[in-house]
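Novice: Take a look at this one; I'll ask things after.
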Amino acid sequence: MHRRPRLAAFAIALTTSACSAAGNGALSLRVEVVETYPHDPAAFTQGLLVDDKGRLLESTGRYNSSDVRVVDVATGAVLDRTPIPGQFFGEGLAQVGNRLVQITWQERKALVFDAATLDLLPVTFDYDSEGWGLCYDGARLVMSDGSSTLTFRAPDTFERVGSVGVTLGGAALDQLNELECAGGKVYANVWQTDTIVEIDPESGRVSAEIDASGLLSGEERAETDVLNGIAKVPGKDTFYITGKLWPKLFEVRFVPR
């Protein structure tokens, strides 16, 4: 298992800087593009993470075409992939030690893979909700199901060990989708928006709203689905973000608006 990551400089900066806060009390941030890379425009992106070997892993969805893949960041090429059985719609992905855990949308099954080889293992976990996003904070798995609730699960058994309701300005915030655990926070794409939120997993309070609009041209956007996919870049103050059917992957910083 991985240890809980150290607080990175970017996280400290966000909590101590004089960034402007919206009326709801959350910091108001935007993305600053550092690099732009190609991305498979046929990938219905559901989960994104950088593993402990520095590889970019991606989980894709849709029935009969979902998979888990290793992606070359510079070229967008798929270096390795493991398709999942056609009756499953792949969703969020997380690494726990030498295993990968991929949740599924409505099948209420989590699939398990060998992290080194991507081999699908004869192990599954059951849960009682839809599956949307998943990340690992070094101690527990954090899962979203499209509601305003984040559910915490034991990494070895997937047993529910707690939950927290997510709020923005005191009101419940639902449609939480793909998740990334980084710097003691949980970052979530908000489905059908160009917004990423930074969440305190202990209180559930949204501490920052991040505007990720305008990354694609109007022509590109017309051929794509929603923003989805966020992964912290190890050792840097940046994240990779992309979307479903997006032709590009962006390396970005979160900066004041």
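The values are calculated or read from the model by the stated rules, or taken from the named source; none is laboratory data. Keep in mind that this is a model prediction, so the values were computed, not measured. Using ideal geometry, Cβ is built from the backbone for each residue, glycine included, and neighbour counts are taken over all protein chains shown.
Novice: Which one of the conditions (1) free of Cβ contacts under 8 Å to residues at least 24 places away in the same chain; (2) more than 24 Å from TRP191 (Cβ to Cβ) does ASP67 fail to meet, given that it meets all the rest?
Specialist: If we test ASP67 against (1) free of Cβ contacts under 8 Å to residues at least 24 places away in the same chain; (2) more than 24 Å from TRP191 (Cβ to Cβ), just (2) comes out false.
Novice: Just for the stretch 59-90: of the residues that are among the hydrophobic types (A, V, I, L, M, F, W, C) and farther than 13 Å from ASP40 by Cβ, which one is surrounded by the most Cβ atoms within 10 Å (Cβ to Cβ)?
Specialist: Residues of the stretch 59-90 among the hydrophobic types (A, V, I, L, M, F, W, C): 68, 70-71, 73-74, 77-79, 84, 88-89.
Adding the requirement that they be farther than 13 Å from ASP40 by Cβ leaves 68, 74, 84, 88-89.
Working: VAL68: 24, ALA74: 10, ILE84: 22, PHE88: 22, PHE89: 22.
Of everything passing the filter in the stretch 59-90, VAL68 is surrounded by the most Cβ atoms within 10 Å (Cβ to Cβ).
Novice: Regarding the stretch 12-29, can at least one residue be identified that is touching a Pro at 6+ places or on another chain (Cβ under 7 Å), of a type outside the set (Phe, Trp, Tyr) and either modelled with pLDDT of 95 or more or under 22 Å from TRP191 (Cα atoms) (or both)?
Specialist: Among the residues of the stretch 12-29, at least one is touching a Pro at 6+ places or on another chain (Cβ under 7 Å), of a type outside the set (Phe, Trp, Tyr) and either modelled with pLDDT of 95 or more or under 22 Å from TRP191 (Cα atoms) (or both), which makes the answer yes.
Novice: Same structure, new question: Could you list, in sequence order, all residues of the stretch 207-227 that are of a type outside the set (D, E, K, R) and within 24 Å of ASN24 (Cα to Cα)?
Specialist: Narrowing the stretch 207-227 to residues of a type outside the set (D, E, K, R): 207-208, 210, 212-218, 222, 224, 226-227.
The answer is SER207, ALA208, ILE210, ALA212, SER213, GLY214, LEU227.
Novice: Also, I was wondering about something else. Of everything in the stretch 71-84, what is part of a strand (DSSP E or B) and farther than 16 Å from GLY54 by Cβ? Give them in sequence order. Steps first, please.
Specialist: Within the stretch 71-84, the subset part of a strand (DSSP E or B) is 71, 78-83.
Within the stretch 71-84, VAL78, ARG81, THR82, PRO83 qualify.
Novice: Got at least one residue in the stretch 134-152 being touching a Gly at 6+ places or on another chain (Cβ under 7 Å), in contact (Cβ under 8 Å) with a residue 60 or more places away in the chain and assigned to a strand (DSSP E or B)?
Specialist: There is at least one residue in the stretch 134-152 that is touching a Gly at 6+ places or on another chain (Cβ under 7 Å), in contact (Cβ under 8 Å) with a residue 60 or more places away in the chain and assigned to a strand (DSSP E or B).
Novice: A further question on this structure: Looking only at the stretch 91-101, which residues are crowded, with 17+ Cβ neighbours inside 10 Å and without any contact (Cβ under 8 Å) to a residue 40 or more places away in the chain? Explain how you work it out, then say what you get.
Specialist: Taking the stretch 91-101 first, the residues crowded, with 17+ Cβ neighbours inside 10 Å are 91-96, 99-101.
Selection gives ARG99 alone.
Novice: Of SER217, SER203, which residue is over 20 Å from THR60 (Cα atoms) and modelled with pLDDT under 95?
Specialist: Details: SER203 fails: modelled with pLDDT under 95.
Just a single option satisfies the conditions, and that option is SER217.
Novice: Same structure again: For the stretch 40-58, name all the residues that are surrounded by 15 or more Cβ atoms within 10 Å (Cβ to Cβ), outside any strand (DSSP E or B) and either of a type in the set (S, T, N, Q) or more than 16 Å from the chain's Cα centre (by Cα) (or both). Lay out the reasoning, then the answer.
Specialist: Going through the stretch 40-58, the residues surrounded by 15 or more Cβ atoms within 10 Å (Cβ to Cβ) turn out to be 40, 43-51, 55-58.
Still in the running and outside any strand (DSSP E or B): 40, 43-44, 51, 55.
ASP40, the sole residue that qualifies.
Novice: Moving on. Answer yes or no: is there a residue in the stretch 178-190 that is over 20 Å from ASP51 (Cα atoms) and without any contact (Cβ under 8 Å) to a residue 24 or more places away in the chain.
Specialist: Pass one, the stretch 178-190, residues over 20 Å from ASP51 (Cα atoms): 190.
Then keep just the ones that are without any contact (Cβ under 8 Å) to a residue 24 or more places away in the chain; that gives 190.
Within the stretch 178-190, one or more residues are over 20 Å from ASP51 (Cα atoms) and without any contact (Cβ under 8 Å) to a residue 24 or more places away in the chain.
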